[in-house]
Amino acid sequence: MITKAVKLTLLNNLFVVLKNQDSETGFITAIELNASHAVYAGHFPGHPVTPGVIQMQILHELLEKHFERSLQLITMARCKFLKILNPLETPQIVLHIEFHQIDGLLNIKARGENDKDIFFKIESSFRFK
């Protein structure tokens, strides 16, 4: 039984940040996925797949870490999952995150990729909490 609220994050459990660097329009972060994480036990045994919602959560956590502030997703203008992200076949990906702020909103464009494939593209808006 859970007796108090506990904030759960995927950072350093599902993935580890390998490298992070600023770019002209945002930042670039390389991560390594943990193929033995519990999420893969049910999604799917013997052929692990990183669910799209988990990929979105990774992006959300990287943004909060970068800005050192909590963010709330406001809109999702575009979200495309282009290729299955299997942590056994692709343990490392690089997220390219561009952002700009307008009228109190943080607008982002992001993609997750490796040397040969793009796994997702997302355009969304967040508000600082």
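Looking only at region 17-36, filter to residues that are free of Cβ contacts under 8 Å to residues at least 40 places away in the same chain and assigned to a loop (DSSP other than H, G, I, E, B); which one of those is nearest to the chain's Cα centre (by Cα)?
36
Would you be able to say whether some residue in region 102-110 is of a type in the set (Gly, Ala, Ser) and surrounded by fewer than 17 Cβ atoms within 10 Å (Cβ to Cβ)?
So far as region 102-110 goes, yes, one or more of its residues are of a type in the set (Gly, Ala, Ser) and surrounded by fewer than 17 Cβ atoms within 10 Å (Cβ to Cβ).
Among residues belonging to region 74-115 that are among the small types (Gly, Ala, Ser) and within 13 Å of the chain's Cα centre (by Cα), point out the one that is nearest to residue 60 (Cα to Cα).
Among those residues, the one meeting the criterion is 110.
Determine whether region 116-125 contains at least one residue that is within 14 Å of the chain's Cα centre (by Cα), hydroxyl-bearing (Ser, Thr, Tyr) and surrounded by 14 or more Cβ atoms within 10 Å (Cβ to Cβ).
For region 116-125, residues within 14 Å of the chain's Cα centre (by Cα), hydroxyl-bearing (Ser, Thr, Tyr) and surrounded by 14 or more Cβ atoms within 10 Å (Cβ to Cβ): present.
Out of the residues in region 29-61 meeting the condition of being buried (at least 20 other Cβ atoms within 10 Å of the Cβ) and among the hydroxyl-bearing types (Ser, Thr, Tyr), tell me which one is farthest from residue 106 (Cα to Cα).
Among them, the one singled out is 40.
Please determine whether any residue of region 50-69 is without any contact (Cβ under 8 Å) to a residue 12 or more places away in the chain, among the aliphatic types (A, V, I, L, M) and within 21 Å of residue 121 (Cβ to Cβ).
Looking through region 50-69, at least one residue is without any contact (Cβ under 8 Å) to a residue 12 or more places away in the chain, among the aliphatic types (A, V, I, L, M) and within 21 Å of residue 121 (Cβ to Cβ).
Could you identify the single residue in 94, 39 that is in contact (Cβ under 8 Å) with a residue 24 or more places away in the chain, within 16 Å of residue 14 (Cα to Cα) and in contact with a Leu (Cβ under 8 Å, 6 or more places away or on another chain)?
39
Restricting attention to region 53-94, which residues are of a type in the set (A, V, I, L, M) and either part of a helix (DSSP H, G or I) or touching a helix residue (DSSP H, G or I) at 6+ places or on another chain (Cβ under 6 Å) (or both)?
The answer is 53, 54, 56, 58, 59, 62, 63, 71.
Any read-out appearing in this document is the output of simple, stated calculations on the displayed coordinates, not a laboratory observation. Predicted model only: the values in this text are computed from it and were never measured. Here the Cβ is made from the backbone with ideal geometry for all residues, glycine too, and neighbour counts use every protein chain on show.
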